[in-house]
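First the structure, in the form of structure tokens, and then the observations on it.
The values are calculated or read from the model by the stated rules, or taken from the named source; none is laboratory data. Given the structure is predicted, the values throughout are model-derived calculations rather than measurements. Reconstructed Cβ throughout: ideal geometry from the backbone, glycine too, with neighbour counts over all protein chains shown. The accessibility values were calculated without ligands, DNA or RNA, using every heavy atom of the protein model including side chains. Shrake-Rupley method; radii C 1.70, N 1.55, O 1.52, S 1.80 Å.
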Amino acid sequence: MNLVQISNLDKSYGQLKAVSNFTLSADQGELLAVAGPDGAGKTTIFRTVCGLLEYDNGTINLAGFDIDKDFDKIKPLLGYMPQNFSLYPDLSVEENLYFYAGLFGMKKNEYQQKRERLYQFSGLGLFAKRRAGKLSGGMKQKLALSCNLIHDPKILILDEPTTGVDPVSRRQLWDILKTLKQDGSTIIVSTPYMDEVALADRAIFVHNGKKLIEGKPNELLSHFNSAIYKIKAVPSSGIMDQLNQIEGITSRRFGSSIHLYTRPQQNMEVYYNRLSQLGISAESISPIKPELEDLFIQLMEQSDA
Amino acid sequence: MYKIKFIAQKELWHILRDPRSLIIAILMPIVMTLLYGYAINLDIKNIKLAVIDFDKTSASSNLMGRFYNSGYFSEVTDPVSINDPEMILKKGQANAVLIIRQGLGEAIQKLKSMRNLASVSIDNYELGLIVDGSDANMAAAAGSYSSIIISQVIKDNLPLGFEFPGIRISRQVLYNPDLKSSHFFVPGLIAIILMMISALLTSVTIAREKESGTMEQLLTTPITPRQIIIGKTLPYVGLAILDGFLVLGFGGFYFGVPFIGSTLLLFVFGVIYVIAALAIGIFISTIVKTQQLAMMGAMMVTVLPSVMLSGFIFEIKNMPLVLQIITHIVPARYFLLIVRGIMLKGSGIELLWVEAAFLIALAIVLLSVATKLFKLRVS
């Protein structure tokens, strides 16, 4: 069953087009990742979908309701976790939960049961009396998520829940999302981390407010249409300049090494001569497997060109 | 209704957990009452009065005694020159010089022996008072205090039941016969403080939710703007009312400000006034995005006009016409008249309905505009 349907969404801030012709759909029990760098338009899309921003064109339909006509009917079914911590730092963990339970009109015993369950899977029970502002980054995110789960939403929209969170908590948060998905929630989560995309059922790459590609994580890489080579050399600005002058390959710094991208079906050996002039021997060049990040960068450059 | 309770409770937690704002909310009314009622005392006392007595009768020394025992005038030890009485003012040794011409004794005698108006004619007896006008407040006070004292002297010397028509006192001071400024300021302060607490804190609390991003989370929950506004403002209404009582109690016990009229009536109007003030606070918070801007905006839009343009310190009828027109949209203007009327004169609704009508109209307009503008969307 299709629970989220966004069609041909347009949104601009004055002259700046933040989202253009964006379409997204998610089924019940689906975990959908929206990936893209900072400023790609992820937050704008999410805020618009949650009714926090006006939009110029398109339609947004959640759980069968049009957001413009029946937003009141959508709200009880929706959980939205903003990118920045949006709870009250001077209220304790328990008080924050109590407050949101109240806003969703929950009965007292209903709330208490739900709270214990949320404590169990988040591990927040130990910190029930601690002020939210004094929690660690990971715990804050778990609390924010818990506050959005208190009313058992059908649709959960999470804006970069793992940004600024330690690796262990990141892993835990994704485990929680997988459990929720199995319970039948539809989850749309944005992330700047490509390794998290692999954990989702489906992913959408976004750049400059446009959809670059959409598909299952393990099928996405088939769209990568070039070869990558890793060069063991210090990526000084001098060498990068000269590499960029070579026709037919693209080079990019990658940590303390350099990645070279050739055109599809191009043989790397034709460049060995040019490269050796730059002091790069054939032995220091080795082919590597492309990753989602490589695909993203390729698509991004094609879209910019 | 049920959800409003949660918003109000959360807001109360915020207030109770931020000791600074709580201290401000409780201490500010007390400090302001002290400041206005005591330190910034507009009562003129100890006007240094030199006397030139040409009459030298018991009547003249009696008159001098009346001045010096009034509590408003103090004796001057430096000598005053008969030929150049202004000199002592120029030197700053005295603020005023009273000149008692010869014939005071006789004039008083004539007063005492009056039987009927036709039988006695008194010469135009004149007392002279030279006042240093460089301090306008003091000069005005010296003039009015003198006329009060002199009229009292005349009254005392007239035969019983005799109204003497020959003396006209140009100024009558009603309701605050001692001209105590605390009696004027304490009721006014209630108007200022209610406005300050309601508008300022309300605008800051909504701006804080915007600034910290919590509004974004709040707006995706099933709650209406009206519920947010009512829930968030309720604790501040309570705080404002508490502050109102604080000023009232402090003014009453410490400065002896009378309370003649109905407490209930004042309470009802106080609530209406607070609603108008809250509406202004909400209005400001819909425009600004940060707490700091909200605070400054509230200061400019509420506190300043409430102090300057309400008649709290400056009389409205002495203002330029443009400012006089502006005072009509300052809620404090109406509430000030109401609170002074109820407290000092014991006025009831039959005398205050015009002000009341203006205040209610202003509150309704402000509140409906504010709730309409309050957005359900983030920037």
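Tally the residues that are of a type in the set (S, T, N, Q) and open to solvent by 40 Å² or more (accessible area, probe 1.4 Å), restricting the search to region B:312-328.
Of the residues in region B:312-328, the ones of a type in the set (S, T, N, Q) are B:318, B:324, B:327.
Narrowing the set further to residues that are open to solvent by 40 Å² or more (accessible area, probe 1.4 Å) leaves B:318, B:324.
So the answer is 2.
Please report, ordered by residue number, the strands (runs of 3 or more DSSP E) entirely within region A:186-297 with at least 1 residues that are of a type in the set (V, I, T) and outside the structural domain of A:P153 (by TED's automatic domain parsing). Explain how you work it out, then say what you get.
Values: elements: A:186-191, A:202-207, A:210-215, A:228-231, A:249-254, A:257-262, A:285-288.
Hits in region A:186-297: A:228-231, A:249-254, A:257-262, A:285-288.
Of these, B:A25, B:A94, which one is in the same structural domain as B:V186 (by TED's automatic domain parsing) and in contact with a helix residue (DSSP H, G or I) (Cβ under 7 Å, 6 or more places away or on another chain)?
After applying the criteria, what remains is B:A25.
Scan region A:44-63 residue by residue and report those that are open to solvent by 10 Å² or more (accessible area, probe 1.4 Å), more than 17 Å from A:I187 (Cβ to Cβ), within 14 Å of chain B (Cβ to nearest Cβ) and not charged (D, E, K, R).
Of everything in region A:44-63, those that are open to solvent by 10 Å² or more (accessible area, probe 1.4 Å), more than 17 Å from A:I187 (Cβ to Cβ), within 14 Å of chain B (Cβ to nearest Cβ) and not charged (D, E, K, R) turn out to be A:T44, A:Y55.
Considering each residue of region A:220-238, count those that are among the small types (G, A, S) and surrounded by 13 or more Cβ atoms within 10 Å (Cβ to Cβ), and give that number. Walk me through it before giving the result.
Going residue by residue through region A:220-238, those that are among the small types (G, A, S) are A:222, A:226-227, A:233, A:236-238.
Remaining after also requiring surrounded by 13 or more Cβ atoms within 10 Å (Cβ to Cβ): A:226-227, A:233.
Final tally of qualifying residues: 3.
Specify the residue that is nearest to B:L16 (Cα to Cα); the eligible residues are those in region A:91-135 that are among the charged types (D, E, K, R) and touching a strand residue (DSSP E or B) at 6+ places or on another chain (Cβ under 7 Å).
Initial filter on region A:91-135 (among the charged types (D, E, K, R)): A:94-95, A:107-108, A:110, A:114-117, A:129-131, A:134.
Going one step further and asking which of them are touching a strand residue (DSSP E or B) at 6+ places or on another chain (Cβ under 7 Å), we end up with A:129-131.
Numbers: A:K129: 16, A:R130: 16, A:R131: 14 Å.
Filtering first and then ranking leaves A:R131.
State which residue is surrounded by the most Cβ atoms within 10 Å (Cβ to Cβ) when the search covers only region A:90-99 and only residues that are closer than 17 Å to B:K3 by Cα and facing chain B (nearest Cβ under 7 Å).
Going through region A:90-99, the residues closer than 17 Å to B:K3 by Cα turn out to be A:95-99.
Next cut, facing chain B (nearest Cβ under 7 Å) only: A:95, A:99.
Details: A:E95: 19, A:F99: 21.
Out of the qualifying residues, it is A:F99.
Filter region A:239-292 for residues that are more than 34 Å from the chain's Cα centre (by Cα) and β-branched (V, I, T); which is surrounded by the most Cβ atoms within 10 Å (Cβ to Cβ)?
Restricting to residues being more than 34 Å from the chain's Cα centre (by Cα) and β-branched (V, I, T), the top hit is A:I280.
Scan A:L78, A:L103 and give me the residue that is closer than 28 Å to A:L135 by Cα and in contact with a Ser or Thr (Cβ under 6 Å, 6 or more places away or on another chain).
Numbers: A:L78 fails: in contact with a Ser or Thr (Cβ under 6 Å, 6 or more places away or on another chain).
Going through A:L78, A:L103 in turn, just one is closer than 28 Å to A:L135 by Cα and in contact with a Ser or Thr (Cβ under 6 Å, 6 or more places away or on another chain): A:L103.
If only one of A:T162, A:T179 is at pLDDT below 95 and open to solvent by less than 10 Å² (accessible area, probe 1.4 Å), which one is it? Talk me through it step by step, then tell me what you get.
Values: A:T179 fails: open to solvent by less than 10 Å² (accessible area, probe 1.4 Å).
Going through A:T162, A:T179 in turn, just one is at pLDDT below 95 and open to solvent by less than 10 Å² (accessible area, probe 1.4 Å): A:T162.
Filter region B:329-370 for residues that are closer than 23 Å to B:P225 by Cβ and crowded, with 18+ Cβ neighbours inside 10 Å and give the result.
B:P331, B:L362, B:A363, B:L366, B:L367, B:A370
In region A:64-89, what count of residues is obtained for those that are surrounded by fewer than 18 Cβ atoms within 10 Å (Cβ to Cβ) and either over 26 Å from the mean Cα position of the chain (by Cα) or within 12 Å of chain B (Cβ to nearest Cβ) (or both)? Before you say what the answer is, go through the steps one by one.
Of the residues in region A:64-89, the ones surrounded by fewer than 18 Cβ atoms within 10 Å (Cβ to Cβ) are A:64-66, A:68-70, A:72-73, A:76, A:84, A:89.
Of the ones still in play, those that are also either over 26 Å from the mean Cα position of the chain (by Cα) or within 12 Å of chain B (Cβ to nearest Cβ) (or both) are A:69-70, A:72-73, A:76, A:84, A:89.
Count: 7.
Suppose we filter region B:54-71 for residues that are open to solvent by less than 50 Å² (accessible area, probe 1.4 Å) and over 18 Å from B:N157 (Cβ atoms); how many remain?
2
Can you find, within region A:184-200, the residue that is nearest to A:L145 (Cα to Cα) among those that are open to solvent by 20 Å² or more (accessible area, probe 1.4 Å) and among the aliphatic types (A, V, I, L, M)?
Here the answer is A:L199.
For region B:191-282, which helices (runs of 4 or more DSSP H) that fit wholly inside it have 3 or more residues that are more than 30 Å from A:P153 (Cα to Cα) and open to solvent by 20 Å² or more (accessible area, probe 1.4 Å)? So that I can check it myself, show each step before the final result.
On the way: elements: B:201-212, B:214-219, B:225-255.
Fully inside region B:191-282 and qualifying: B:225-255.
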